[in-house]
Amino acid sequence: MPAHKKKLNTNPPSQAEGFFLALKEKFTGKLPKDCLEIKSLSRNQIETILDLAQEFKEKEARGQKKHEDLKGKALINIFFEPSTRTRTSFELAGRRLSADMMTIAPQASSLSKGESLKDMIENLEAMGPDLMVVRHAASGAPGLIASYTKAAVVNAGDGSHEHPTQALLDAFTVKEKLGEIQGKHLVIVGDISYSRVARSNIYAFCKLGGKVTCVGPATLIPPGIEKMGAKVETDLDKILPHADAVMFLRIQKERQEKMNFPSIAEYTRFYGMNRTRWAALKKEALIMHPGPINRGVEIEPEIADGRLEGGAQTVILDQVKNGTAVRMAVLSLWGRSK
Amino acid sequence: MKMLIKNGHVVDPVAKKDGLFDLLIEDGKIKKWEKRLRVDTVDTIIDAKGLVVTPGLIDLHTHLREPGYEYKETIKTGSMAAAAGGFTTIVCMANTNPVNDNAVITEFITKRAQEEAIVNVLPIGAISKNLEGKAMADIGQMAEAGIVGISDDGRCVMDTALMRKSMQYARGFGLMVVSHAEDECLSGHGSMNEGPVATELGLSGSPNAAEELIVARDIALAELTKAKLHIAHMSSRGSLELVKAAKKRGVSVTCEVTPHHLFLTDEAVRGYNTNASVRPPLRSREDALALRRGIEDGFVDTIATDHAPHASFEKEVEFAQAAHGMVGLETSLALCLKLVQDRSIKLSQLIKLMSANPAHILGLKSKGTLKPGADADIAIFDPNEKWNVDPTKFYSKSRNTPFGGWSLKGKIKYTVVNGKIVYENI
C-alpha cells in the first residue's frame, strides 16, 4: 500500500458528522475575527480547519455538494489583483455553501480617482456584508480593510505577506498524500523574498510539526527568514534527497531578470525541476506548485504534467482541487463566527 | 517690558550654571540673574518654583508644510506646536509646494513667519531646483533672503557631482549643507528597515547601508570642499561610526538624531502601523542603543524632531502607500527626558543637545544660552509632571504620532520668545 493511502479517514459518515459538528461549535468561539494569517492560528485551529475540509471533501465524493452553512449570509469577494485560480476557488466555495455572493475587481484607476481603500470599504460595509474575501497587492491591506468592517475578512493573498488558504490547501494535500505533516520536510524553492505562499507555508508546516527549508538564489532569500522557523539552503541538489515535498514557486519573469539572477536559463539550471533532480527525490516525495506554472522554468513540462512514473508524484492539480474544500471550511468557520 | 522668573532651577550649559536663580528679562533680552533678585517694578512675574528654566529649545529639522500643504500644517500651527513643546526656534525644510528653491518663496516664508508664527522660524533652502537633484537652486539669493542652510531633505541628491558643487557653492555663502543620506538606488524609497520584521510582514526594506553609503560620500565631499556638513536624522550605528571617525579627523561635520530613532525600533511597524512609517526607517534595537551611546559619548550633536505632519487620510492607507514621517514637536522634550530619568545623561547635557548645540550649528550667538545679553528665549517645564500623549490635544494640525498613549514625564509650563510668554499651561 502506498504511503499516502495509509491514514485516509475511513470513519463512517454519520459518526464523522457528529464529531465535526461538535468540533466546529467548540472551535468557532475562539476564532479571531478575521482570517488574515497563519501566524496567529494555533495548531489546533489549523487542524480543525483541515478536518472540516476533509469532511467537505468526503461529502462531495458521496455526491453531497451543496450545503447551507452560509445561507442568508452576504459574501463579497474583492480581488484588487487579478487571479483566476484563487478567485474561482473562493467563488465555488461560496456557492457551495449557499452564500449570497458577489465578486468585484476594483481597478486601480477607480481608487486613484480619489476614493481611498477606506472610503470604498466603508461604502461596502454600509451594505452589511458578513464575509469579505480580499486579494490585494499590498502587504497588510486585508488587515487595514478588516479595521473598517464588521465583516469577517478572509485574506486571499496580500502582497508578500501571507496567503493563508493556499498554505492550508498545501498542508491538506501533503497530509492527504503522506498521512501526516508531523516530521515531514517541505522544501520551498525559488523567490522566497516576494512570496506570500512561502511565508504562510513556513508557519503552517512548522506549526503542524513539519520542517521547512527555503532554497533559492541568495538574492531571493530575505534576511531573517530563519526567525520564522525555516532553514535556508542555496544548493537545491544537496537538499532534494531529504525532501518529502518540494514546492516550486512561480518566477515573475518581468520582475526578476533585471537584478536577482542573470537569466531565466541560469535560474532553471540551478533551481528548476528536471529529470535528473526528479530521480534524486524520494520515491514517495510530492512535487507541488501554487501556480501558475512557467513550464520549463520552474518545472519541466513532463514532470509538471505528472507523466513520469515510478517515483515522486506531481500533485499540482490535487492542490487546486483541495482548494475548494479548504476554502469552504474557512468560509464556513469564519462565516459562522460572525 | 520687564519680566521676572523667580525661584526656578536654571540649567544653562553654556553659562555652566545648574541651580536656583532668579532671572530678569528686559526688552526681549536676558538682563541678569542672581540667587535672589529684588526688583521693584516688573510687568510680569513667573513663579518657577519646582520648575526647570532653560534656554529655549531649538529644532534643526521640521516640516511646516506652508506653502502648499496647509491641510497638514501651517507656519502658524507648526509654531504653536513648537511652543507647546518648549521650542523657541525651529528650522523648516524646503519641501513645500512650491519648493523653497528661490528667494520669492524664502521671502514668503519669512514674512508669513513674522506675521503669524509665535516662535522664531528659520528656513532651509533647497539644494536643487524643485528637489529634482538635477540643477542647483538659487542658493545665493535665498541666502540673502534669510535661509540658514540648504537641503533637499526628503530626497537625497544622488548626483555626486551636483552635491559636490552645491557644497562648494554653499560654503561661499557660509551656509551649512544638510544631508538626507539615503542611497535611493538601494533603499527603494523604503520606509521599513530591512531585517526580520520586514521579512515577516512582507514589506521591502531599506538596509542601513543605504544611509551609510551617503554619509560616507558626503563626509568625503566635506573633506574635499571644506563645507559645513550636517547629517540629518541619522538612524544607523554604522553612520555614527563614520561621523565619529570624521570628527576625529577634524572634518566639519555635525549630526542629529530624532526621538523616534532613539525610542522605537522596526518592531513598531507590526500591524502595518503607518504612523511608524518614516524615512530613514525605524531600525533595529542595536541601532537605537548605539545612537543612545552616541548621545552619552557626545558624538551626537543634537536631537531634532523631523516633525513631519500628515493628514489622517494619508496615513489610513496600505503601509507601502502611506506618507512618511511623524509629528514630533510636542513630544520631543518629554521623550528625551527619559534619557535623564534613565541616568544616561545629565539634564544639562540634554539641554546642550536641544538648545546650545543647535544654536552653535546655526551660528546663533545670542541663542542657546541665558547669559546676560542673550535673546530671552526660554523654556520652563515641570520635570516631574506625568502626562499621557493624546494626539487629539496636539496644537499641530496633524495627529500622526507613534507615541499616542505613551505615558511621559516632564511637561512644558511656559515658553517665552523674545521676552514674551507665547505658551503657558498652568
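Laid out as a table, the results:
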item	result
Residue that is farthest from B:K2 (Cα to Cα) [pool: residues in region B:349-383 that are assigned to a loop (DSSP other than H, G, I, E, B) and among the basic types (K, R)]	B:K365
Counted residues, region A:58-101 - those being assigned to a loop (DSSP other than H, G, I, E, B), open to solvent by 10 Å² or more (accessible area, probe 1.4 Å) and either closer than 16 Å to A:T173 by Cβ or of a type outside the set (V, I, T) (or both)	17
Residue match in region B:34-53 (condition: outside the structural domain of B:A356 (by TED's automatic domain parsing), surrounded by fewer than 20 Cβ atoms within 10 Å (Cβ to Cβ), closer than 30 Å to B:H233 by Cβ and touching a Leu at 6+ places or on another chain (Cβ under 7 Å))	no
Total residues in region B:217-231, condition over 22 Å from the mean Cα position of the chain (by Cα) and open to solvent by 10 Å² or more (accessible area, probe 1.4 Å)	6
Search result, residues across region B:1-22 that are crowded, with 21+ Cβ neighbours inside 10 Å and not in a strand (DSSP E or B)	B:P13
Flag for B:G404 being modelled with pLDDT of 95 or more, surrounded by fewer than 19 Cβ atoms within 10 Å (Cβ to Cβ) and touching a Pro at 6+ places or on another chain (Cβ under 6 Å)	yes
In region B:266-282, residue surrounded by the fewest Cβ atoms within 10 Å (Cβ to Cβ) [restricted to those that are assigned to a loop (DSSP other than H, G, I, E, B) and either under 19 Å from the mean Cα position of the chain (by Cα) or among the hydrophobic types (A, V, I, L, M, F, W, C) (or both)]	B:R279
Selection within region A:306-323 - of a type in the set (D, E, K, R) and either in contact with a Gly (Cβ under 8 Å, 6 or more places away or on another chain) or more than 12 Å from A:E284 (Cα to Cα) (or both)	A:R307, A:D318, A:K321
Selection count, region B:152-192, where residues are in a helix (DSSP H, G or I) and within 14 Å of chain A (Cβ to nearest Cβ)	2
Some residue of region B:193-213 being of a type in the set (D, E), within 22 Å of B:L131 (Cα to Cα) and either in contact with a Phe, Trp or Tyr (Cβ under 8 Å, 6 or more places away or on another chain) or part of a helix (DSSP H, G or I) (or both)	yes
A:D158 being at pLDDT 95 or above and away from chain B (no Cβ under 14 Å)	no
Check on A:L52, in contact with a Leu (Cβ under 7 Å, 6 or more places away or on another chain) and closer than 22 Å to A:D170 by Cα	yes
Every residue from region A:30-57 that is surrounded by 16 or more Cβ atoms within 10 Å (Cβ to Cβ) and not in a helix (DSSP H, G or I)	A:L31, A:D34, A:C35, A:L36, A:E37, A:I38, A:K39, A:L41
Failed criterion for A:T103 (all others in (1) free of Cβ contacts under 8 Å to residues at least 60 places away in the same chain; (2) more than 25 Å from A:Y148 (Cα to Cα); (3) among the hydroxyl-bearing types (S, T, Y) hold)	(2)
Matching residues in region B:163-174 - criterion: being open to solvent by 10 Å² or more (accessible area, probe 1.4 Å) and of a type in the set (A, V, I, L, M, F, W, C)	B:F173
Considering residues of region A:122-137 that are hydrophobic (A, V, I, L, M, F, W, C) and open to solvent by less than 10 Å² (accessible area, probe 1.4 Å) only, the residue farthest from A:S160 (Cα to Cα)	A:L131
Check on A:E284, open to solvent by 40 Å² or more (accessible area, probe 1.4 Å), in contact (Cβ under 8 Å) with a residue 12 or more places away in the chain and outside any helix (DSSP H, G or I)	yes
Identity of the residue in region A:161-187, more than 14 Å from chain B (Cβ to nearest Cβ) and part of a strand (DSSP E or B), that ends up nearest to A:C214 (Cα to Cα)	A:V187
Which listed residue is more than 14 Å from A:M288 (Cβ to Cβ) and aliphatic (A, V, I, L, M), from A:V189, A:V154	A:V154
Selection from region B:196-216 of residues that are hydroxyl-bearing (S, T, Y) and open to solvent by less than 10 Å² (accessible area, probe 1.4 Å)	B:T199, B:S206
Flag if B:K72 is among the basic types (K, R), within 26 Å of B:N357 (Cβ to Cβ) and within 28 Å of the chain's Cα centre (by Cα)	no
Cross-chain or 6+ apart pairs with Cβ under 7 Å, region A:121-144 first and part of a loop (DSSP other than H, G, I, E, B), then β-branched (V, I, T)	A:P129/A:I76
Failed item, numbered, when A:D158 is tested on (1) closer than 18 Å to B:S312 by Cβ; (2) of a type in the set (D, E); (3) open to solvent by less than 20 Å² (accessible area, probe 1.4 Å)	(1)
Hey, B:T110 hydroxyl-bearing (S, T, Y), surrounded by fewer than 20 Cβ atoms within 10 Å (Cβ to Cβ) and farther than 14 Å from B:I421 by Cα or not	yes
Count - residues of region B:232-247 that are open to solvent by 40 Å² or more (accessible area, probe 1.4 Å) and assigned to a loop (DSSP other than H, G, I, E, B)	0
Qualifying strands (runs of 3 or more DSSP E) (wholly inside region B:39-104; at least 1 residues being in contact (Cβ under 8 Å) with a residue 12 or more places away in the chain and of a type in the set (D, E, K, R))	B:44-47, B:57-62
Residue list for region A:195-252, restricted to those being within 11 Å of chain B (Cβ to nearest Cβ), open to solvent by 20 Å² or more (accessible area, probe 1.4 Å) and touching a strand residue (DSSP E or B) at 6+ places or on another chain (Cβ under 7 Å)	A:R196, A:I221, A:E226, A:G229
Subset of region B:320-345 (residues that are within 14 Å of chain A (Cβ to nearest Cβ), open to solvent by 10 Å² or more (accessible area, probe 1.4 Å) and either of a type in the set (A, V, I, L, M, F, W, C) or in contact (Cβ under 8 Å) with a residue 24 or more places away in the chain (or both))	B:A320, B:A323
Flag if A:G310 is without any contact (Cβ under 8 Å) to a residue 40 or more places away in the chain, on the phi > 0 side of the Ramachandran plot and more than 24 Å from the chain's Cα centre (by Cα)	yes
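The values are calculated or read from the model by the stated rules, or taken from the named source; none is laboratory data. A quick note: this is a predicted structure, and the numbers were derived from the prediction, not measured. FYI the Cβ positions are ideal-geometry reconstructions off the backbone, even for glycines, and counts take in every protein chain you see. We work out accessible area using only protein heavy atoms, side chains counted, and drop any ligands, DNA or RNA first. Shrake-Rupley method; radii C 1.70, N 1.55, O 1.52, S 1.80 Å.
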